[in-house]
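What follows is a short report on a single structure.
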Amino acid sequence: SGIYAILVNNHQYLVISELFAAQALIGRGTKVWLAYPENDPGRQVVIKDSWVYAYLPKESDFLESIRHIRHAPALYDSSVVTNTLAIRFGWSTDSECRKK
């Protein structure tokens, strides 16, 4: 089906495989991919995408707060899209997913 690229804060990641996709009609629509940075194919990363509530603390803030704990997941990049109209109409955004 082709190679997918996910762009987060101007860093491009190439998708190896989809690890999880929520099947519920109601919820956050979470999807998780195994990927690698375009410029570092030897390093694998996990990318999580989901709808979030703007009034709740960001998961990335939590991951930052535990980075000193041994074996805690490392946060390499984070982005929150605040203008969903941009996504629906194909305008440029901070984070976008496209088929390469």
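A compact table of results
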item	result
Relative contact order for region 9-70, counting Cα pairs under 8 Å that sit 6 or more residues apart, in percent	25 percent
Accessible area of Tyr36 in the full protein assembly, 1.4 Å probe (Å², nearest 10)	60 Å²
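The values are calculated or read from the model by the stated rules, or taken from the named source; none is laboratory data. Bear in mind the structure is a predicted one, so any value in this text is a computation, not a measurement. Accessible surface is based on the protein model in full, side chains and every heavy atom, while ligands, DNA and RNA are left aside. Shrake-Rupley method; radii C 1.70, N 1.55, O 1.52, S 1.80 Å.
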